[in-house]
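The values are calculated or read from the model by the stated rules, or taken from the named source; none is laboratory data. Note that this is a predicted model, so its numbers are computed, not measured. With ideal geometry, Cβ positions are generated from the backbone for all residues, glycine too; neighbour counts draw on all protein chains shown.
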Amino acid sequence: MIAMASHPGPGGSGSLKRMTVDDLHKKWMKNPKYRREYEALEEEFSLSAALVDARARAGLTQEQVAQRMKTTQAVVARLEGGGTMPSTRTLEKYAKATGSRLKISFEPRAALGVPQTGVNMRRVR
């Protein structure tokens, strides 16, 4: 995707320069407020992406997943859209419908570049 940004050209007149969405994102990530909000949404987006990836790997439509889950296509669309936080039970149904295995894990915040809170994180074997 291409975005257009106005930049002053020679003599002060504005000219348009092509910028990709990735370029804009990199620029905006330098803004602490943007970065904070983006990182807060990252978990929600990663769940949505994982759901869509599982369905794509299975070669199924939302309607087909819905039929296997005994629900409606609209419910599957909402799950994949990230507007809700589904229960583990719902994720299990989705995994079964797409021939996947649900795996939930905990990662130390330090590995993600996020400062740890007062919780002492240690590896359990």
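Among the residues of segment 81-96, those that are closer than 16 Å to SER48 by Cβ, part of a helix (DSSP H, G or I) and either modelled with pLDDT of 95 or more or among the hydrophobic types (A, V, I, L, M, F, W, C) (or both) comprise THR90, LEU91, TYR94, ALA95.
Yes/no per residue for (1) exposed (fewer than 14 other Cβ atoms within 10 Å of the Cβ); (2) more than 30 Å from ASP22 (Cβ to Cβ); (3) basic (Lys, Arg):
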{"site": "ARG35", "(1), (2), (3)": "yes, no, yes"}
{"site": "GLU39", "(1), (2), (3)": "yes, no, no"}
{"site": "SER46", "(1), (2), (3)": "yes, no, no"}
{"site": "ALA54", "(1), (2), (3)": "no, no, no"}
{"site": "LEU60", "(1), (2), (3)": "no, no, no"}
{"site": "LYS70", "(1), (2), (3)": "yes, yes, yes"}
{"site": "ALA74", "(1), (2), (3)": "yes, yes, no"}
{"site": "LEU79", "(1), (2), (3)": "no, no, no"}
{"site": "PRO86", "(1), (2), (3)": "no, no, no"}
